[in-house]
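**Student:** Please see the structure below; I have some questions.
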Amino acid sequence: ITRAELVTMLSNIANTYMPKKASGLSSGVIEYKNDFPTNVVISINTALNGSTVNRDLILTQATSSITLTNTIIKGRLLALGKQSIILKNANINEIVLLNGKSTVTGMTENVNSVKIKIGASESSLDNIPNILILEAGARVKINGIMYENESTRTKTYYAKDLQADI
C-alpha cells in the first residue's frame, strides 16, 4: 500500500480525528459543539454538546471518558476500549461495546440498541436498553443485575423481557 492510498483510506474512514492532546488544557477534556457529516474518531477525553454525527462515532482505547449532551449519533457509537460513556439527552442508534469493561450512564429510550461483544463482558449499563444484543458468552450488568448469554449464538433481548426479569 502506498502512502497516498493509506491517507485516502484513513480519510474515507473519518474526516474528523480528535487528537490525543490539546495545548492549553487544564481539565484534560475538550468540548465540541460541531456537526460532523461522516465518521468521527476520538482519542481524547471529550464532550460533545449539541452535536450531530451523521455516521459512526469511534472511541479509541486512549479515550477514557466521553460525555454526550443533546447529541445525535445517527450511526453507531463504537467503544474500542474501557470507557465511561455519559449520556445527557443523547439520541443514539446503536452503542457497540467491543473491548474492556465500559460503563454507560444516563441511558434512556433514545438509545435504540446496545451490543456487547465478548471482549466487553462485565460492562455495565444504568438502565435497560430498548434492544440488548449479547454475543455468545458475553455478560453485562444492568442496574446491578448480571445478564449472561450462555448459549453458543448471539442473542437479542428486548426491553419488556429484561424488565420482567427485574
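The values are calculated or read from the model by the stated rules, or taken from the named source; none is laboratory data. Worth saying up front: this structure is predicted, and the values here are computed from it rather than measured. Cβ atoms come from the backbone with ideal geometry, glycine included; neighbour counts cover every protein chain shown. All accessible areas refer to the heavy atoms of the entire protein, side chains included, with ligands and DNA or RNA removed. Shrake-Rupley method; radii C 1.70, N 1.55, O 1.52, S 1.80 Å.
**Student:** Roughly how many Å² of residue 139 are accessible to a 1.4 Å probe, to the nearest 10?
**Tutor:** 70
**Student:** Mind checking which of 108, 66, 151 is farthest towards the positive end of the chain's charge dipole, using Cβ charges of +1 (Lys, Arg) and -1 (Asp, Glu) about the Cα centre?
**Tutor:** Checked the options; the winner is 66.
**Student:** Same structure again: Past 18 Å, Cα to Cα, is the threshold; run 88/115; 117/141; 33/88 against it and keep the listed order.
**Tutor:** 88/115
**Student:** Mind pulling up the Rg/Rh value for the chain? Radius of gyration and Kirkwood radius, both on Cα.
**Tutor:** 1.00
**Student:** In percent, how large is the relative contact order of the chain, given Cα pairs closer than 8 Å and 6 or more residues apart? List each step's numbers first, then the result.
**Tutor:** On the way: 460 pairs, mean separation 19.0, N = 166.
Computed value for the chain: 11 percent relative contact order.
**Student:** What's the magnitude of the charge dipole for the chain around its Cα centre, counting Lys and Arg as +1 and Asp and Glu as -1 at the beta-carbon? Answer in Debye, nearest 20. All intermediate terms of the calculation are to be shown ahead of the outcome.
**Tutor:** Working: 17 positive and 13 negative charges, 69 e Å.
I would put it at about 340 debye.
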